[in-house]
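Report on the following structure.
The values are calculated or read from the model by the stated rules, or taken from the named source; none is laboratory data. No experiment lies behind these values; they were computed from the predicted model shown. Neighbour counts are summed over all protein chains in view; Cβ atoms, including those assigned to glycine, are modelled from backbone coordinates with ideal geometry. Accessible surface is based on the protein model in full, side chains and every heavy atom, while ligands, DNA and RNA are left aside. Shrake-Rupley method; radii C 1.70, N 1.55, O 1.52, S 1.80 Å.
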Amino acid sequence: METKTSGKKKSPWRKTETLEAEMAGLGDRTYVVKDLNLEDYLEILSYQVVVLKQQAASYIDPYWENQMRENQRRPVTDRSQLSCRIRLKNDSVYPEWYWNYWVSGTNDKGEPCRRPKGQHIRRGGKGYSYPIQTLLRHSRDWEHEMVTKTEEALTHIRRQNHYLAKARQSIREAIKSCGALESLDESRKDS
């Protein structure tokens, strides 16, 4: 199996401007598996970030919608302070929880005001989930069930992300070994 360098064939899996646009075009491509090299497989795996992001959004968006709807109905003292977001870094998806609070400060004119602050909640320990008691401590009673269900789904997404990262790492190591073998073959031909 050959590794791809700048002078060799162009990969059929090149990324476009947005991952979503690339994902939409994946179904239109047909390639013979034997024509793909290790770097092509690495790029194919990297597109899984789109799927994971969509999966995470399918749980986080309803959580946000419910939270916004309920916050409008409730007095300020009973509004939710817990929030969730998706952080993308390289080819990985990280669903994270954080809690919001208000601090006193001054505005641009020097007048006293209150500003929102967000504090990331550490996942801690090993595993893929946040301690549910920590999340429930930062949430209101009315949202406990939604927080629990959302975290359960996000745990599975974090687990998928972990194993996909390991697969990409393994393929990168295989690419290095392929390159080392090619250089050994070239030196053997020279002697």
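Computed quantities for the displayed model
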{"item": "Förster radius 30 Å - calculated FRET efficiency between Ser58 and Val33 (Cβ-Cβ, nearest 0.05)", "result": "0.50"}
{"item": "Amide N of the range 77-100 lying under 17 Å from the label point, which is placed 7 angstrom from the Cα of Lys149 along Cα→Cβ", "result": "84"}
{"item": "Computed label-point distance, nm, for sites Ser191 and Tyr163 using a 7 Å Cα→Cβ extension", "result": "4.3 nm"}
{"item": "Cα-based reach from Lys117 at 20 Å (exclusive), listing aspartates and glutamates while leaving out same-chain residues under 8 positions away", "result": "Asp78, Glu96, Asp108"}
{"item": "Modelled FRET efficiency - R0 22 Å, Glu173 with Gln119, Cβ distances, 0.05 increments", "result": "0.05"}
{"item": "Residues listed by number, the range 112-153, amide nitrogen under 14 Å from Tyr101 label point at 7 Å toward C-beta", "result": "115-122, 137-139"}
{"item": "GluC sites (Glu not before Pro) restricted to DSSP loop in the range 95-191 with at most 14 other C-beta within 10 Å", "result": "none"}
{"item": "Vicinal HN-Hα couplings computed from phi for the range 81-86 (Karplus, 6.51 cos²θ - 1.76 cosθ + 1.60; Hz; Gly/Pro x)", "result": "10, 8, 9, 9, 8, 10"}
{"item": "Table column - 3J(HN,Hα) (Hz), the range 69-74, Karplus curve with 6.51, -1.76, 1.60, x for Gly and Pro", "result": "4, 5, 4, 5, 7, 9"}
{"item": "Amide H within-cut-off set for Gln81, under 5 Å, with H built and near neighbours excluded", "result": "Arg140"}
{"item": "With every protein chain in place, the range 31-179: carbon and sulfur % of accessible area (1.4 Å)", "result": "50 percent"}
{"item": "Leading residue at positive end of dipole, the range 31-179 (Cβ point charges), from His120, Trp97, Gln55", "result": "His120"}
{"item": "Over 22 Å between alpha carbons, listed pairs Lys89/Lys166; Lys34/Lys176; Lys53/Lys176; Lys53/Lys166; Lys126/Lys149", "result": "Lys53/Lys176"}
{"item": "Per residue, the convex hull volume that the Cα atoms of the range 31-179 enclose (Å³)", "result": "172 Å³"}
